[in-house]
Amino acid sequence: MTLQERDKEVIWHPFTHQKNRKPPMPIVKGEGTLLFDEDGNQYIDAISSWWVTIHGHANKYIAERLYKQALTLEQVIFAGFTHEPAVSLAERLLPILPNNFSRIFYSDNGSTSTEVAIKMSLQYWWNNAESTVDRLPLTAIDGERSTVNGQRKKILAFNDAYHGDTFGAMSVSDRSVFTLAFHDKLFEVLFIDTPNEANIEELKATINQEGEAIAAFIYEPLAQGAGGMRMYEAHWMNKLLKAVKSHDIICIADEVMTGFGRTGKLFASEYMTEKPDIICLSKGLTGGTMALGVTACTDRIYQAYLSDDKMKTFFHGHSFTANPLACTAALASLDLLLKDECLEKIQWITAENKLFATKLSNPESRFPIKNIRTLGTIIAFEIDKGKDEYLNDIATTITQKALELGVYIRPLGNTVYIMPPYCITKEELERVYETIISIMFE
Ligand SMILES: Cc1ncc(COP(=O)(O)O)c(C=O)c1O
């Protein structure tokens, strides 16, 4: 049996319509920007395999560090024990994060990093509540009240947000195809639009009205990924964050996608002067080599957990919390990312994207596309055909055509985007742009 036939018998793939699904492509090797299939064909991975492989595939430096660590310590329980890679990584991350963060909490992936952030901020208010009576488990009735003796319970989030697939993460994400089957199980969230010149005063008014009941505000800074690569401006976000912060609302920046250079700066939060109290990281954290999540918080949050009362413990953890291999991969990835060569490469991709955007938006080009936008190493636009939605079938056609031309992209419905590994060469990036153009011209 071929690998595809064996796969068909035993595997259930993510985000994949199971009936009549196309056989998945067997990949036998990765090298830098390239993926190789079993017939020897090669493809430029222009979306960094779901936005994670920032240094490309099978990076030798990361692999060698991993091998050494695997022979030293591969895993150890992280309650009551510690180890060098976890501490070193926290020590290296804290000074480069976009605020005075004081603690690193490890988990397994992007969804758990946001799940942890939501729980951490809700329990912050619970720990700080004035009366111990109100720290008893919530009843359904309590749940309907948004504030009890200083304990805030509401969460604020953006329309079109995507923060992951676990229940807390789904609750703070847009109500969409990803969450439809679970709507009655998701907790209530106050959703607002991303800010712009036209709506900023209205948004501020909503915040001022609801502010004292809101525990936390979770947002993908400047680029909303799975919700359709939607971008919004730092200027208006800064104004919104100011209003949010004036009510002591905990700001959670979900930089799972935008972190580690994606937007042209190390973290997208650097574009704003108003900084988050909690930041969520994953994806590029390990250079895409291992699964790892980080939730970092400021001392304000951490202090709420420093108590003689054992009930104020953060009762959360995962078997693989701070896995030594994953932390080692992250340390190696940071070494590569912070080299001048890599930082310059990020600026180069940013500039190339801007040039390509002007080419696409030239009125004489007559491409059937709209909303061309770029932010750092991300470029996105919509194909002006069918509905603007995730289920638009054009995604499959585009992916197939691009593969035939040796490029892998995976549009979100009719939203096409490129998010390449930073090691992409000039020739490879040109090839990706040319592929997009040739598909659009057909
Ligand atoms: C902004 C953001 N948050 C959270 C997640 C969830 O991450 P994971 O898929 O690792 O659970 C994603 C994944 O795409 C994301 O883009």
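Share of antiparallel DSSP beta bridges in the chain, in percent to the nearest 5? Beta bridges within the chain, antiparallel portion: roughly 65 percent. Pick out, from 246, 414, 301, the residue whose Cα sits farthest towards the positive end of the charge dipole of the chain, with +1 on the Cβ of Lys and Arg and -1 on the Cβ of Asp and Glu. Farthest towards the positive end: 301. Across segment 73-337, the relative contact order, built from alpha-carbon pairs under 8 Å that are at least six residues apart, equals 28 percent.
Here segment 335-442 is assigned +1 on the Cβ of each Lys and Arg and -1 on the Cβ of each Asp and Glu. Its dipole about the Cα centre then comes out at about 260 debye.
Between 322, 330, 351, the GNM of the chain built on Cα springs shorter than 10 angstrom shows 351 fluctuating the most.
Between 0 and 90 degrees, the angle of helix 394-404 with respect to the longest Cα principal axis of the chain falls at about 50 degrees. Let me check against my output: what whole-number percent is the relative contact order of the chain, with C-alpha pairs under 8 Å and at least 6 apart? The value is 21 percent. Evaluated with a Cβ-only charge set (Lys, Arg +1; Asp, Glu -1), the chain carries a dipole of roughly 180 debye about its Cα centre, given to the nearest 20. Among the listed pairs 204/275; 239/265; 265/345; 154/242; 242/339; 29/60, those with a Cα-Cα distance over 22 Å are 242/339. The residue among 205, 215, 368 whose Cα reaches farthest toward the positive pole of the charge dipole of the chain, with charges on the beta-carbon of Lys, Arg, Asp and Glu, is 215.
For segment 235-252, backbone phi angles converted through the Karplus equation (6.51, -1.76, 1.60; θ = phi - 60°) give residue-by-residue couplings of 4, 6, 5, 4, 5, 5, 4, 4, 4, 4, 5, 5, 9, 6, 6, 6, 9, 10 Hz, Gly and Pro being listed as x. Residues considered: 80, 168, 110. Largest GNM mean-square fluctuation over the chain, using C-alpha springs under 10 Å, is found at 80. Between helix 200-210 and the chain there is an angle of about 30 degrees, using the helix long axis and the longest principal axis of the Cα atoms. If every alpha-carbon in the chain counts as one equal scatterer, what log10 I(q)/I(0) does Debye give at q = 0.13 1/Å? Reported log10 I(q)/I(0), two decimals: -1.25.
Restriction of the trypsin sites (Lys or Arg not before Pro) in segment 293-356 to DSSP coil positions whose beta-carbon has at most 13 other beta-carbons within 10 angstrom yields 339.
Taking the charge dipole of the chain about its Cα centre, with +1 at Lys and Arg Cβ atoms and -1 at Asp and Glu Cβ atoms, the residue from 338, 59, 320 reaching farthest to the positive side is 320.
Using a/c under 1.5 as the rounded threshold, could you call segment 161-305 rounded, prolate or oblate? The axes a ≥ b ≥ c are square roots of the C-alpha gyration tensor eigenvalues, and prolate needs a/b larger than b/c, oblate otherwise. The shape class here is rounded. Of all DSSP-defined beta bridges confined to segment 73-337, some 50% are antiparallel rather than parallel. Taking the fewest neighbouring Cβ atoms within 10 Å as the starting point, the ordered list for 348, 12 is 12, 348. Proximity of backbone amide H atoms, modeled 1.01 Å from N, is registered between residue 107 and 293, 294, 295, 322 at under 5 Å, excluding neighbours fewer than 5 places apart on the same chain. GNM, the chain, Cα, under 10 Å: largest mean-square fluctuation among 240, 122, 338? Result: 338 has the largest fluctuation of those listed. Counting neighbouring Cβ atoms within 10 Å and putting the fewest first, the residues 186, 89 line up as 186, 89. Only the Cβ atoms of Lys and Arg (+1) and of Asp and Glu (-1) were treated as charged; on that basis the dipole of segment 73-337 about its Cα centre amounts to roughly 200 debye. Which shape class, rounded, prolate or oblate, goes with segment 73-337 when its Cα gyration tensor gives a ≥ b ≥ c as root eigenvalues, a/c under 1.5 marks rounded, and past that a/b bigger than b/c marks prolate? Oblate. Anisotropy class assigned to segment 1-144 is oblate, per the alpha carbon gyration tensor with a/c at or over the 1.5 cut-off and a/b no larger than b/c. Our coupling estimate for segment 256-262, obtained by passing each phi through the Karplus curve with A = 6.51, B = -1.76, C = 1.60 and θ = phi - 60°, is 4, 8, 7, x, 6, x, 3 Hz, Gly and Pro reported as x.
Computed from phi, the 3J(HN,Hα) profile of segment 378-389 under the Karplus parametrisation 6.51, -1.76, 1.60 (θ = phi - 60°) reads 9, 10, 8, 7, 9, 7, 7, 8, x, 7, 7, 7 Hz, with x in place of Gly and Pro.
Values quoted throughout were computed directly from the atomic coordinates according to the rules given, and no laboratory measurement underlies them. Because the structure is predicted, anything quoted here is derived from the model rather than measured. When we count neighbours, we look across all protein chains shown, and the Cβ atoms used for this are built from the backbone with ideal geometry, even at glycine.
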